[in-house]
Ligand SMILES: Cc1cc2nc3c(=O)[nH]c(=O)nc-3n(C[C@H](O)[C@H](O)[C@H](O)COP(=O)(O)OP(=O)(O)OC[C@H]3O[C@@H](n4cnc5c(N)ncnc54)[C@H](O)[C@@H]3O)c2cc1C
């Protein structure tokens, strides 16, 4: 099953194209996708949300039972091969499921530990024998999996792990070491463990608790996610059969990174789903809560919050669906086996990191405003706002911290540019000639969202100006200029998000979608705010790169390139806020 038309779009290439091409949007979901969404939504409402108090009391038998139910519904093996009990569906199907599972962040973490972090490495890198042995039982929820990469001394620097694998005379392995913060750690049956063969070659292993020598530490006392198990995993001379090496010896980084590439995309999508749910809660509360004799939803300050929550969520969601469509199209063109699916994830690793940063930061913004709209009730545990706020904080920390992902976004783009995979160097040089020769900005497109399309085009120029100048100034040293890279990442994130939102809104308007005016409002508000952020980030990046007259010239060029049209965003935010308040839920999905 595929979701987008045949296309050969490559990761990061959107920065160099005038138009976004064929983008997948939530409005293009098939009947099958919608059915999957409905099944998940009903399951979450009927089975997971009522179970939260027991999960938070660490009833891991209930977590197991819920995973088995997920297995019965097919949710654990959405894109796993049918021959092992999977459904072999596209990534859009996984996206609609995780968006809805997100309603309960604790169970979503348990689910992610199984459906992404255990299933995926085996599907991508497992031998046929490993797939046949483990996948059917993991996909049915009969056994529970966990992903054991981090250690006390190696989190972001995961490849510095100290856990050791030593070959035994009979060809088996002995694993010793300690893993930390492992989701599902308290009750998992199998673990994807990363260890260094002879302390050097980073390698992945499938380790069963039943092998002996593996034990779970006590549950961590966390800020949130109290209904998800997080423990250390102690490995003491665990004997692992030779056939349980996952992938190749010394190539564990491939297993780890490709799992994370997909995990980041999935977490970003999950967060967009969480934002949607919280917008519904905030809108309902604002409609019901009266102060000064009227619902607080009628106050402009509250409308501003709701409107901004909707606009940012719209953009996060639009880019997640667009990315899913790109990955699906790449997989559809491939041989559909583990290595080619891993290559598709790698191809869109830049977009996956953008999805992670944008999704997690949008969710934190939305949940913070949700607490604020709830006032005192947002700070006490009688309402979900408080729990959601605590639960979400970790999203910016795991699956690669947002700082690490911010380094990766421009870093990967530059590497691809220097290898000639994307035309970064030529585009940056051409742009330099254009902006420094003070050519006027192209204008005149009065088509719907024409001003926003022009702004997106100017964001791309700004991104190239920032990255091109940094490359020219720092050369090989650029990777140590983290502040500049971070600012460049901010420009790239807003560019991809804005283009995705405008593409989706344009399609809704062209199709005469009943919600077209709201699509238009969301896209226009987002692009207008993004313009301010892009301007600030670009100024900071340029000021961290060059000085004196060169800086003055570039800032003048920036002013010429980035010229937002005047916009009454207050009116548009009110329109969005009134729509969510009237419906009592997020408007677009
Ligand atoms: C609830 C929870 C569940 C988890 N589940 C799992 C799991 O299932 N499996 C698993 O393997 N791990 C898991 N983790 C671990 C998680 O992946 C790590 O916490 C994360 O990778 C960050 O590592 P760290 O905590 O060591 O932070 P550090 O790496 O020490 O980072 C601390 C700070 O320094 C910054 N920093 C670090 N290096 C750099 C750099 N080079 N440049 C700039 N800034 C940098 C970071 O961005 C961060 O702000 C979980 C963690 C939590 C809290």
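Values in this text are rule-based calculations from the coordinates and carry no lab data. In this text the structure is predicted, and so the values were computed from the model without any measurement. Heads up, the Cβs are rebuilt from the backbone with ideal geometry, glycines too, and the neighbour counts pull from every protein chain shown.
Below is a table of values for the structure above.
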| quantity | calculated |
| --- | --- |
| Distribution of pairwise C-alpha distances over segment 329-371, 5 Å bins, in % | 5, 22, 17, 14, 11, 10, 9, 7, 4, 0 |
| Stokes-Einstein D (µm²/s) once Rh is taken as the Kirkwood radius of segment 251-395 over alpha-carbon pairs, at 20 °C in 1.002 mPa s | 129 µm²/s |
| Two-decimal Rg to Rh for segment 359-408 - Kirkwood Rh, Cα set | 1.09 |
| Packing-based ranking, highest mean first, of 247-254, 575-582, 304-311, 268-275 given that Cβ atoms within 10 Å are counted | 268-275, 304-311, 575-582, 247-254 |
| Full-extension gain in nm, residue 568 to residue 556, via 0.36 nm per residue minus C-alpha separation | 1.7 nm |
| Kirkwood Rh (inverse of mean 1/r, distinct Cα pairs), segment 287-358, angstrom | 15.0 Å |
| Scaled radius of gyration (Cα, divided by 2.2 N^0.38 Å) that segment 117-236 gives | 1.04 |
| Fraction in percent of alpha-carbon pairs per bin - 5 Å, segment 189-289 | 2, 10, 13, 14, 16, 14, 10, 7, 5, 4, 3, 2, 0 |
| Degrees separating the helix 349-374 axis from the principal Cα axis of the chain, which is the longest one | 80 degrees |
| Nearest-ten-degree value, helix 252-288 long axis tilted from longest Cα axis of the chain | 60 degrees |
| Fraction of beta bridges assigned by DSSP in the chain that are antiparallel (%, nearest 5) | 80 percent |
| Spherically averaged projected area in nm², based on the convex hull that wraps the Cα atoms of segment 436-547 | 7.6 nm² |
| Using distinct alpha-carbon pairs, which all enter the 1/r mean, Kirkwood radius of the chain in Å | 24.7 Å |
| Global form of segment 377-509, assessed from the alpha-carbon gyration tensor, a/c cut-off 1.5 | oblate |
| Estimated 222 nm signal from helices in the chain, with DSSP H stretches of n ≥ 4 weighted -39500 (n - 2.57), rounded to 500 | -19000 deg cm²/dmol |
| DSSP beta bridge pairing in segment 88-209, given as percent antiparallel to the nearest 5 | 70 percent |
| In degrees, nearest ten, helix 105-115 long axis to first principal axis of the chain (Cα) | 60 degrees |
